[in-house]
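None of the figures in this text is laboratory data; all of them are computed from the coordinates on show. Everything numeric in this text was worked out from a predicted model, so none of it was measured. Cβ sites come from the backbone with ideal geometry, for glycine too, and all protein chains shown count toward neighbours.
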Amino acid sequence: MPNFIATPFTVPVFDLMHRPGEERERQLDAAVSEGFGNAVIAVRDGALVHLDVRLESLHDGILVSADVETEAIGECVRCLDTVTLPIEVEIQELFAYSEDEAFDYTVIDDHVDLEPLVRDAVVLALPFQPVCRPDCPGLDPETGDRLADFPDRKPKEVLDPRWSALAGLAAETTDLTDVEGSAASAADREKRS
C-alpha cells in the first residue's frame with residue numbers, strides 16, 4: 001500500500017467509509033504547488049484552484065464528483081501577448097477501498113488525494129494553441145510588430161521570382177486593354193456626334 005502524503009488537495013473520508021448511501025459536500029481552495037500545463041499555457045505555481053466537491057460512499061469506495069475552477073496564464077501563439085483563460089471542468093472518479101487493477105485511484109489511510117485527478121482534468125481542458133482573440137492577426141513577418149496595433153497596414157505582396165516572366169506579360173496585357181478601351185470609347189463618341 002502506498003504511503004500517505006498530505007497535500008492541499010487531500011480530503012479526509014473516515015466518516016464516510018463503509019457507509020453506503022452517506023454523502024457529504026465540501027468546498028476546497030488549494031494552491032497549486034507544481035504548475036499544470038506546458039510552456040505555452042499553464043496553471044502556474046501558487047495559483048488558486050477552487051473545488052466544489054461531493055463525496056458519496058459506495059460499496060466499493062468513495063465516489064468523488066467535483067466542479068473545478070482555476071485560471072491559466074500563457075501567451076498567444078500568434079502575437080505573443082499574455083493570455084489569461086478561466087478554466088472550468090467537472091470531474092468524477094471512484095476511489096476504491098482496495099487496490100485493484102480495475103480502479104485507477106484508491107482511498108489511502110482514510111483520505112482521497114484529488115491532485116492527480118484535478119491535474120489531469122485541467123491539463124486536458126487547456127487549449128493546444130491559445131490565442132488572445134479568435135481573429136488575432138499575429139506578428140508582421142518582417143518587422144515583428146503586432147499587426148493588431150496597426151490595423152491600416154496592408155501586407156506587402158512578395159512575388160515568387162519563378163513567376164516574374166508572367167508578371168511582365170500581365171503588364172503588357174493591361175497596356176493593350178487600356179489602348180483598346182480608349183479606341184472603343186473614341187469610336188462611340190464619334191457615332192454619337
In a GNM of the chain with a 10 Å cut-off on Cα contacts, which of 81, 60, 152 has the highest mean-square fluctuation?
152
Charge tally for neighbours of residue 44 with beta carbon under 13 Å away, counting Lys, Arg as +1 and Asp, Glu as -1, is -4
Taking 7 Å along the Cα-to-C-beta vector as the label spot, tell me the residue 108-residue 169 distance in nanometres, rounded to one decimal.
7.3
Mean-square fluctuation check for the chain, GNM, Cα pairs under 10 Å: which of 161, 127, 20 is largest?
161
Given segment 48-91, report the % of alpha carbon pairs whose separation exceeds 14 Å.
60
How long, wide and thick is the chain, going by the Cα atoms along their three principal axes, in whole angstroms, largest first?
106, 36, 30
Measuring from centroid to centroid over Cα atoms, what is the spacing of segment 10-30 and segment 96-152 in Å?
27
Counting Lys and Arg as +1 and Asp and Glu as -1, what is the net charge of the other residues whose Cβ lies under 15 Å from the Cβ of residue 154?
-4
Helix-only CD estimate at 222 nm, as mean residue ellipticity for the chain, using -39500 (n - 2.57) per DSSP H run (n ≥ 4)
-7000 deg cm²/dmol
Net charge (Lys, Arg +1; Asp, Glu -1) of residues whose beta-carbon lies under 14 Å from that of residue 25, residue 25 excluded, is -3
